[in-house]
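First up is the structure itself, then whatever we jot down about it.
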Amino acid sequence: MTTTYAVLSEGLEKRYGDVHALRGLDLTVAEGAVCGVLGPNGAGKTTAVRVLATLAVPDGGSARVAGHDVLREAHAVREAIGVTGQNASVDGELTGRQNLRLFAKLLRFRGAAVRARADELLERFGLTEAADRPARTYSGGMRRRLDLAASLLTHPRVLFLDEPTTGLDPHSRNQIWAAVRELTGQGTTVLLTTQYLEEADQLADDIVLIDRGRTAHRGTPAELKALIGNYVEVVVAHESALVPAAGVLDQLTGTEPAIDREHRTAGAVATDGTLTLPRVVRELDAAGVPVIDASLRPPTLDEVFLRLTARGDARTAPPPKETAA
């Protein structure tokens, strides 16, 4: 069966002076899917969204969104998409209802359609009670929901979400996640950039890992986790046992262990699929390491991210690694 792509880019290039933001980015997003775009700070995620949303002109390569070329058919692309950026675009002095009605008028809604669509979205995003309050009185989560509502006024075929839940509390984040799931259930294609790897794990059908302006890896969350093998972690009885425990894990896995002194844990990626938990426990016991707990599990996306990229972001990175003696 032939896959129809809502987003397709080939060899995208973009420079800002001496900064080479995109270096031949290839990206495909199937219709009706959620594609999570991950990468370290400065990897090119936001630049990619700006180019695909016709907010920036590429210096090379090509891209099509909703079947339209982003350069030759920019107007058609804009009619087919919605965009929610990193910062809420709503006017704090206007009420939630006034914000949506203003955006609706700018999008050429007329008459009763302006009021009807605004009221529909206010109810959909749980903002009806606060609809006539100035947006500056809204919480961060409410402002993000209002911003997302504004991007959905035209029933977009493709929705770009650029770090939509940054700075939100878990409850507000869950509300945004629920809205995204509802949208994809109705057939909207979503391209989501995020620094929260749990968010990508929860929402994305496919993940693209961008590093230094290129696609470094892509696949489902399960496929990316399989790239680096299982993760072995041990909890020791006292801090002085951490370095010996890390030494054992280094020998067993051949990868540099990470040490967390606060939680008295040492962990490492086990690329050898034959490594078993009983063997780990036997080796630790033979080395005289007092262990409270040990586990062998699939890696989290955080661990995949740190393993597959050259650098990590401080918000997602575990405690700094220490080299075992």
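The values are calculated or read from the model by the stated rules, or taken from the named source; none is laboratory data. Predicted model only: the values in this text are computed from it and were never measured. Methodologically, a virtual Cβ is constructed for each residue, glycine included, from the backbone with ideal geometry; neighbour enumeration extends over all protein chains shown. Surface areas here come from the heavy atoms of the whole protein model, side chains and all, with no ligands, DNA or RNA. Shrake-Rupley method; radii C 1.70, N 1.55, O 1.52, S 1.80 Å.
With charges only on Cβ, +1 for K and R and -1 for D and E, what is the dipole size of the range 1-75 about its Cα centre, in debye, rounded to 20? Walk me through the intermediate numbers first.
Details: 7 positive and 8 negative charges, 36 e Å.
Taking the Cα centre of the range 1-75 as origin, the dipole is about 180 debye.
Would you work out which of Thr253, Thr166, Val7 lies farthest towards the positive end of the dipole of the chain, given +1 charges on the beta-carbon of Lys and Arg and -1 on that of Asp and Glu, about the Cα centre?
So the residue we want is Val7.
With the alpha-carbon atoms as the only input, what is the per residue convex hull volume for the range 179-235 in Å³?
Spread over its residues, the Cα hull of the range 179-235 gives 128 Å³ apiece.
Give me the dipole magnitude in Debye, nearest 20, for the chain about the Cα centre, with unit charges on the beta carbon: positive for Lys and Arg, negative for Asp and Glu. The partial results should precede the final answer.
On the way: 37 positive and 42 negative charges, 262 e Å.
Rounded to the nearest 20 debye, it is 1260 debye.
So how far, in whole Å, is the C-alpha centre of the range 123-202 from the one of the range 35-51?
Taking the Cα centre of each part, the range 123-202 and the range 35-51 sit 18 Å apart.
Under a plain spin-label model, where a point goes 7 Å from the Cα along Cα-to-Cβ, how far apart in nm are His238 and Glu93?
That separation, rounded to one decimal, is 6.6 nm.
With unit charges on the beta carbon (Lys/Arg positive, Asp/Glu negative), name the residue among Ala104, His68, Thr188 whose Cα is farthest towards the positive pole of the charge dipole of the chain.
Farthest towards the positive pole: Ala104.
For Ser62, what is the net charge nearby, where nearby means another residue's Cβ is under 11 Å from its Cβ and Lys, Arg count +1, Asp, Glu -1?
-2
Would you mind giving the three semi-axes, in whole Å and largest first, of the ellipsoid equivalent to the range 1-156 according to its Cα gyration tensor?
The three semi-axes for the range 1-156 are 32, 18, 14 Å.
Hey, can you rank 297-304, 96-103 by average C-beta count inside 10 Å, highest first?
The packing order, highest mean first, is 96-103, 297-304.
Mind giving me the nanometre distance, one decimal, between the label points for Ala112 and Ser295, set 7 Å out from Cα along Cα→Cβ?
5.7 nm
May I ask you to order 210-219, 107-116, 45-54 by the average number of other C-beta atoms within 10 Å around their residues, highest value first? Don't skip to the end; give the middle numbers.
On the way: 210-219: 18.7, 107-116: 12.1, 45-54: 23.6.
Those peptides, ordered most packed to least, come out 45-54, 210-219, 107-116.
Just to be sure I understand the model, the point goes 7 Å from the Cα along the line to the Cβ. What's the resulting Glu283 to Asn174 distance in nm?
Once both label points are built, they end up 4.0 nm from each other.
Do any GluC sites (Glu not before Pro) in the range 91-196 lie in a DSSP loop with no more than 14 other beta carbon atoms within 10 Å, and if so, which?
Details: sites: Glu93, Glu120, Glu123, Glu129, Glu182; in loops: Glu93, Glu129.
For GluC sites (Glu not before Pro) across the range 91-196 that sit outside H, G, I, E and B with at most 14 neighbouring Cβ atoms in 10 Å, the list reads Glu93, Glu129.
Need one number: the % of Cα-Cα pairs in the range 215-274 sitting beyond the 15 Å mark.
52 percent
Taking only protein heavy atoms into account and a 1.4 Å probe, give the accessible area per residue of the chain in Å².
47 Å²
Pro221: net charge of surrounding residues, Cβ under 15 Å, Lys/Arg +1, Asp/Glu -1, itself excluded?
Net charge around Pro221: -4.
Need the full-extension length gain, Thr276 to Glu10, defined as separation in residues times 0.36 nm minus the C-alpha distance. One decimal, nm.
91.5 nm
Tell me the net charge near Thr137. Cut-off is 15 Å between Cβ atoms, Thr137 excluded, with +1 for each Lys or Arg and -1 for each Asp or Glu.
+2
How big is the dipole moment of the range 219-313 about its Cα centre under a simple scheme where the beta carbon of each Lys and Arg is +1, that of each Asp and Glu is -1, and everything else is neutral? Debye, nearest 20, please.
My answer is approximately 140 debye.
Where does the chain land at 222 nm, in deg cm²/dmol rounded to the nearest 500, when only DSSP H runs of n ≥ 4 count, each adding -39500 (n - 2.57), divided by all residues?
Using -39500 (n - 2.57) per qualifying helix, the result is -10000 deg cm²/dmol.
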